[in-house]
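Data block below; observations after.
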């Protein structure tokens, strides 16, 4: 058997259904082996987009998505996607080609040490030097990519190794060991701390965003009636229409949720990953922080929990739910005050009819047209803060945002992968004009794949997030403006349909029509970012500061 055929059969054995990538000369043997396989080759227009799609596929399925590139520039184009998956805990395998390692005649042409380059960005990276080792290398790569904490892995398959003949190939079984349960003593200690607390609060982070964990956390909240809040990557794990939801830590401080955090004497911290911006700063002796995660806490200057319960998160939460009962000593009255003030502020500006459109109106109108299981995929920009704070996610993984690497350019590819994983659900990419243009070429890919997809471009003709930070730091605006193409004409040139609502009232109906019609639609909407400082830096902080425990 040819080694490339064995490679593809090993991928099939792992359950791989599609590979995203850009083929090159050095992996044509793999491409040929894919021709008659069950695996679909999805050709993208840039390797970075292929990586973003593979990472999102892994995020939504729990099975490593696969991205492919050739050597040299193809492989270097995967670097941002590798960091995106690694920091965001998304299982992804990158496959890159390479020149023959036994004999090649091109000197240093396109030659980059890709394995060494991938070392700091992956959980596992290696060059395959013998076709006989392919099953073992692939099994190990998938094991590491998918086990907690998930992330990126990389295999390099040189051109001559791909053409080798292999004898008696044996595909390895894909069974996984059960995740370890938490130590009984740690569970008892955590349960006692929660029982003795006066003002406990639950925080849900990125590690809680797993299907079984979401079910366990909902049961925990419903039984114990402990209020909860989320980090950006923990949104939707528990329905944010739940009456105990205190909000999202989208802002670093000064929000209503931070008043609740300040008043809490015990924080039950489920799945927090220090890769996200800290939602609160620990102060020694002020409160007890309980760390519940798959692994022990990575100590940081602002995160050093007193109690650690390490093991399968869902199992830990289930056992705590069984062990705990609501306590008369628990006092949530101030949390109720915080929630009432937050909910009142949250609905303001929903009916604002200004144009360009107020960010809150945009968030609210998107929420209206998206069903509970609809998926919005955010690129990175100023609007991400508005959506993280104002958008009520009803289910886990229905708002895909990146608060780890926070890379621009991921919104459209992420939405494309989400639609492929969930073809029967509404999916919308939400991008700034800056982020969209970083991978705008993938509009052709979306049209070619015949996806039903709505792409919302929020246009302000500049780098809105950095402009906000620049003003917040007291600098005069400089270097933030750029021009844009006609996005409607751009969409139509790619075979998509373009729309440009001319009023706030026209926005939601435009989205609804696009979804009902099907196909790829680009909606170019002007957004009013002049309210960023007034609302996010001044109004929220002043109003929340008036709340006293």
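Does the range 1-122 come out rounded, prolate or oblate, given a ≥ b ≥ c as the square roots of the eigenvalues of its C-alpha gyration tensor, rounded meaning a/c under 1.5 and, failing that, prolate meaning a/b above b/c? Can you show the working numbers first?
Working: a/c = 1.86, a/b = 1.14, b/c = 1.62.
The shape class here is oblate.
Going by C-beta contacts inside 10 Å, put 478, 124, 390 in order with the fewest on the left.
By the 10 Å Cβ count, ascending, the order reads 478, 124, 390.
Note the full-extension length gain between residue 188 and residue 441 as 0.36 nm times their separation in residues minus their Cα-Cα distance, in nm to one decimal.
85.6 nm
Run through all the Cα pairs of the range 1-69 and give the fraction in each 5 Å bin from 0, expressed as whole percent.
Bins of 5 Å from zero give 4, 19, 28, 26, 17, 6, 1 percent of pairs.
Give me the orientation-averaged projected area of the Cα convex hull of the range 418-549, in nm², one decimal. Show your work: numbers first, answer last.
Numbers: hull surface 44.6 nm².
Across all orientations, the range 418-549 yields a mean hull projection of 11.2 nm².
Nearest 10 degrees, 0 to 90: what angle lies between the long axis of helix 359-369 and the longest principal axis of the chain (Cα atoms)?
70 degrees
In percent, how large is the relative contact order of the range 349-536, given Cα pairs closer than 8 Å and 6 or more residues apart?
Here the relative contact order equals 26 percent.
Taking only Cα atoms, what is the 0 to 90° angle, nearest 10, from helix 47-61's long axis to the longest principal axis of the chain?
60 degrees
Could you grab the relative contact order for the range 3-162? Cα pairs under 8 Å, six or more apart, rounded to a whole percent.
Values: 365 pairs, mean separation 42.2, N = 160.
Relative contact order comes out at 26 percent.
Neighbour counts of other C-beta atoms within 10 Å: give me 192, 159, 241, 47 arranged from fewest to most.
Least to most surrounded, the residues fall as 241, 192, 159, 47.
Over the chain, what is the relative contact order in whole percent, taking alpha-carbon pairs under 8 Å and six or more residues apart? Each step should come with its number before you reach the end.
Working: 1193 pairs, mean separation 70.8, N = 549.
Value for the chain: 13 percent.
Along the Cα-to-C-beta direction of residue 252, a point sits 7 Å from the Cα; which residues of the range 444-481 have their amide N less than 14 Å from that point?
Residues 466, 468-474 fall inside that zone.
Could you list log10 I(q)/I(0) for the chain at q = 0.10, 0.11, 0.12 Å⁻¹, which the Debye formula gives when each Cα is one point scatterer?
-0.85, -1.01, -1.16
When a footprinting reagent is the concern and you count Cβ atoms within 10 Å, what order do 319, 513, 35 take, fewest first?
Details: 319 20, 513 14, 35 8.
Final ranking by Cβ density, sparse to dense: 35, 513, 319.
To the nearest 10 degrees, how steep is helix 79-88 against the longest Cα principal axis of the chain, on a 0 to 90 scale?
40 degrees
Under the rule a/c < 1.5 gives rounded, and otherwise a/b versus b/c splits prolate from oblate, where does the range 184-342 land using the Cα gyration tensor?
rounded
Go ahead and estimate [θ] at 222 nm for the chain from helices alone: -39,500 (n - 2.57) per DSSP H run with n ≥ 4, summed, over the residue count, rounded to 500. Intermediate results must be reported in sequence, preceding the final value.
On the way: 22 runs with 210 residues, N = 549.
Roughly -11000 deg cm²/dmol at 222 nm, from the helical runs in the chain.
Readers should treat all values here as calculations from the given coordinates under stated rules, not as data from a laboratory. Everything quoted here is computed from the prediction, not taken from an experiment. Cβ atoms come from the backbone with ideal geometry, glycine included; neighbour counts cover every protein chain shown.
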